[in-house]
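The values are calculated or read from the model by the stated rules, or taken from the named source; none is laboratory data. For clarity, every value in this text was computed on a predicted model and none was experimentally measured. Every residue, glycine as well, gets a Cβ built from its backbone with ideal geometry; the counts of neighbours run over all protein chains shown. Keep in mind that these areas ignore ligands, DNA and RNA; they rest on the heavy atoms of the full protein, side chains included. Shrake-Rupley method; radii C 1.70, N 1.55, O 1.52, S 1.80 Å.
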Amino acid sequence: MQQKTDFLYVTNERFADIQILRYQLHGFDALTPKQKAYIYYLSEATLWGRDIIFDQWGEYNLLIRKTLEATYNIMYARKEAESLNQEEKAFIEYLKRVWFSNGIHHHYGCEKFKPEFSQIFFEQLLRKMPEGSLPKPAEELITLLCPVIFNPDVMPKRVNKAKGVDLIETSSCNFYKGVTQQEVEDFYSKMKGDNPTPPSYGLNSRLVKKDGKLKEEVWHLNGKYGKTIEKIIFFLSKAKEYTENEQQKKVITLLVDYYTTGNLETFDEYSIEWLKELDGRIDFINGFIEVYGDPLGFKASWEGIVEYKDLEACKRTQTISQNAQWFEDHSPVDPRFRKPHVKGVVANAVCGAMLGGDEYPSTAIGINLPNADWIRAQHGSKSVTITNFTDAYNKAAKGNGFLEEFAIDAETVAMIRKYGDKCDDLHTDLHECLGHGSGQLLPGVSPDALKAYGNTIEEARADLFGLYYIADKKLVELGLTPDEEAYKSNYYTYIMNGMMTQNVRIKLGDNIEEAHMRNRALIANWCYEHADGAIELVEHEGKHYIKINDYPALRNLFAQLLAEIQRIKSEGDYEAAQHLVETYAVKINPDLHKEVLSRYEKLNIAPYKGFLNPKMTPVYGADGEITDVQLDFTETYIEQMLRYSKDYSLE
């Protein structure tokens, strides 16, 4: 069915710490049949990568998912919820969590889920299954999977970033087998050598040790994940028949060549040509892209997203990108670290149309690519802010009581209500459009010099760039902010989030592990320690609140920290990066953490959100060509996940 004006963003699907939302495809009906067909085939290519991400994030994830799904389909699919006992309900919730996180570890915190059903229950359940209905015999599955699911000491963390341990041996992601951290670092350091424009070695492979030798299992058509990649190639090739211009055809051709060969130099060539495609309304990301899932930052998780320009919102991002050189020239960093000539900064606001892999169900709201530093320096970058996702988040948050509970007073709440959504979107624009593309490495500095701290430092650098400039009068002159007071809403919520409220996502006693959360904690805690009265943590009636006494002084703190973090990045100062992250970004004040968790629990808000995709159905004319694509938003979470497992899995 087509969209209605009374679109329901929030579904009734809520489990564990997760709320499922829907996103609306604004303006989709106004696209041409050819554009809709292009989106449809790109979307099919996006959905086919799902099994890859499950396998990448854990050796047993696919087997566990298929076992749970088979059991659910036979035992519970036709039962009413009211007839289920507690362990049966817990089993279904566990399956929902596995779907959401693409495996058995939390999608954000990376810790392994603790099942709320017993091992005895699980074993009995498998033994009740009809012969041949499970992916392996029941007894074999019990032997293989029970330690992985139930033993807290087996594969406890998907990505471990704790100081002082071997990050490979203590992480259970499936990017390495039988190798140590030192072996991995030495292997790729030798491979890169002194090449000033190296391919992103290791990006699309699993590194294993066989017969005492290190070997890469490359992900390509005739290698690992080959059958699934063949499906992705098929639908990319179909999409090429409906492209909007010749450059889009060239981009898809190169991406298919890369998937076919696994050649990383072809991937770089594809990335450069992707940067040049500016005229089409529709764009996409499909492949092994972001390296946050690897504790060492070499291996990329598979992701896909299809998008089309939000023409009205693009005016904002294009204004930013057109002034990129001004922002770079006035940055508060050492001139040695600025780019003398900013190249190819392209920024668009888009509507997401389909999510897959690492972007589904939990997704980014802004993206800046490509990631290779030398490509950014020589050819530029392309950024998007995904407006319909932020719109869905904002509408889902209305009236939930969060601001009233954690903001210091009614005046601050009113300020955030007035300016918050606009300034948060603008900060995302500045972060993605300019922040990631700003600055430069000094000659001879390796892009991987900061090792496991690189992702946190890079995210902090981009956030600080946005924080510094959102308060600049230049934005008022450009019509991007309504007045010189608007930025204060972003400053307040950023510090409140980094010091306090983001920690509702962390279990009491745990450290912060995820790179984006570490980045926000680093900035907020560093500024608080150096605030000299500009920021206070005040107590009122037993509750703590952030109080900002001097917003201009806070901007100066952002400038100081940006200058230092850019220096760290530009010089490859590993020791300084380690000191900043370990001092300000990892530990949480346990008393404040306990208080925040208690206050948040009373609001009954899920700390994590994720999206259902629309179901796309092509409509064909008499000549066999697609004349329309119908959107259906009625699918439930379970229905969508089971359909994806049936329609987009080969085994």
**Q.** When residues of region 438-463 are limited to those that are over 12 Å from residue 568 (Cβ atoms) and of a type in the set (A, V, I, L, M), the one least open to solvent (accessible area, probe 1.4 Å)
**A.** 462
Q. Scanning for something closer than 30 Å to residue 234 by Cα, of a type outside the set (Phe, Trp, Tyr) and open to solvent by 20 Å² or more (accessible area, probe 1.4 Å), does region 172-187 turn up at least one residue?
A. no
Q | Residue satisfying all of: in region 344-360; more than 17 Å from residue 39 (Cβ to Cβ) and surrounded by fewer than 24 Cβ atoms within 10 Å (Cβ to Cβ); farthest from the chain's Cα centre (by Cα) among these | A | 344
Q: Tell me which of these residue 394 doesn't satisfy, since it passes every other one: (1) surrounded by 19 or more Cβ atoms within 10 Å (Cβ to Cβ); (2) among the polar types (S, T, N, Q); (3) in contact with a helix residue (DSSP H, G or I) (Cβ under 6 Å, 6 or more places away or on another chain).
A: (1)
Q.
Step by step: first the residues of region 627-638, then only those that are within 24 Å of the chain's Cα centre (by Cα) and farther than 16 Å from residue 67 by Cα, then the one that is surrounded by the fewest Cβ atoms within 10 Å (Cβ to Cβ). Which residue is that?
A. 636
Q) Being surrounded by fewer than 20 Cβ atoms within 10 Å (Cβ to Cβ), under 23 Å from residue 448 (Cα atoms) and at pLDDT 95 or above, is that true of even one residue in region 242-249? A) no
Q: Among residues belonging to region 593-626 that are in contact with a Leu (Cβ under 8 Å, 6 or more places away or on another chain) and not in a strand (DSSP E or B), point out the one that is most open to solvent (accessible area, probe 1.4 Å).
A: 594
Q. Restricting the search to region 419-441, which residues are in contact with a helix residue (DSSP H, G or I) (Cβ under 7 Å, 6 or more places away or on another chain) and within 10 Å of residue 320 (Cβ to Cβ)?
A. 426, 429, 430, 433, 434
Q) Hey, among 497, 503, which residue is within 26 Å of the chain's Cα centre (by Cα) and open to solvent by 40 Å² or more (accessible area, probe 1.4 Å)? A) 497
Q. In the set 294, 283, 268, which member is open to solvent by less than 20 Å² (accessible area, probe 1.4 Å), closer than 20 Å to residue 368 by Cβ, modelled with pLDDT of 95 or more and out of contact with any helix residue (DSSP H, G or I) (no Cβ under 7 Å at 6 or more places or on another chain)?
A. 294
**Q.** Looking only at region 25-78, and only at residues there that are among the hydroxyl-bearing types (Ser, Thr, Tyr) and assigned to a helix (DSSP H, G or I), the one that is farthest from residue 355 (Cα to Cα)
**A.** 71
Q | In region 639-651, the residues that are open to solvent by 20 Å² or more (accessible area, probe 1.4 Å), of a type in the set (A, V, I, L, M) and modelled with pLDDT of 95 or more | A | 642
Q: Just need a number here: residues in region 250-263 that are in contact (Cβ under 8 Å) with a residue 40 or more places away in the chain and either more than 27 Å from residue 58 (Cβ to Cβ) or open to solvent by 20 Å² or more (accessible area, probe 1.4 Å) (or both).
A: 2
Q: Give region 306-320 a look and list any residue that's touching a helix residue (DSSP H, G or I) at 6+ places or on another chain (Cβ under 7 Å) and either open to solvent by 20 Å² or more (accessible area, probe 1.4 Å) or among the hydrophobic types (A, V, I, L, M, F, W, C) (or both), or say none.
A: 306, 310, 313, 316, 320
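Kindly provide the set of residues from region 560-592 that are hydrophobic (A, V, I, L, M, F, W, C), part of a helix (DSSP H, G or I) and surrounded by 16 or more Cβ atoms within 10 Å (Cβ to Cβ), ordered by number.
Within region 560-592, 561, 562, 563, 565, 568, 576, 577, 580, 581 meet the criteria.
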Q. What number of residues in region 79-99 are open to solvent by less than 30 Å² (accessible area, probe 1.4 Å) and either polar (S, T, N, Q) or in a helix (DSSP H, G or I) (or both)?
A. 8
Q) So which residues in region 532-551 are of a type in the set (D, E, K, R) and in contact (Cβ under 8 Å) with a residue 40 or more places away in the chain? A) 543, 547
Q. Do we have any residue at all in region 128-139 that's crowded, with 22+ Cβ neighbours inside 10 Å and either among the hydrophobic types (A, V, I, L, M, F, W, C) or closer than 30 Å to residue 267 by Cβ (or both)?
A. no
Q. Quick one: what pairs do we get from region 615-630, first residue farther than 20 Å from residue 47 by Cβ and polar (S, T, N, Q), second open to solvent by 70 Å² or more (accessible area, probe 1.4 Å) and part of a strand (DSSP E or B), C-beta under 7 Å, 6+ apart or different chains?
A. 627/620
Q | Condition check for residue 556: open to solvent by less than 40 Å² (accessible area, probe 1.4 Å), outside any loop (DSSP other than H, G, I, E, B) and polar (S, T, N, Q) | A | no
Q | Looking only at region 207-239, and only at residues there that are over 27 Å from the mean Cα position of the chain (by Cα) and under 26 Å from residue 372 (Cα atoms), the one that is least open to solvent (accessible area, probe 1.4 Å) | A | 214
Q. Of 73, 102, which residue is open to solvent by 40 Å² or more (accessible area, probe 1.4 Å) and within 30 Å of residue 629 (Cα to Cα)?
A. 73
Q | Residue check for residue 30: without any contact (Cβ under 8 Å) to a residue 40 or more places away in the chain and surrounded by fewer than 19 Cβ atoms within 10 Å (Cβ to Cβ) | A | yes
Q: Any residue in region 332-353 that's over 22 Å from residue 565 (Cβ atoms): show its pairings with residues that are open to solvent by less than 30 Å² (accessible area, probe 1.4 Å) and among the aromatic types (Phe, Trp, Tyr) at Cβ separation under 6 Å, as long as the two are six or more apart or on different chains.
A: 351/308; 352/389
Q: Kindly list the number of the only condition in (1) touching a Ser or Thr at 6+ places or on another chain (Cβ under 8 Å); (2) under 30 Å from residue 379 (Cβ atoms) that fails for residue 193.
A: (1)
Q. Residue check: is residue 590 of a type outside the set (A, V, I, L, M, F, W, C), out of contact with any helix residue (DSSP H, G or I) (no Cβ under 9 Å at 6 or more places or on another chain) and within 30 Å of residue 458 (Cα to Cα)?
A. yes
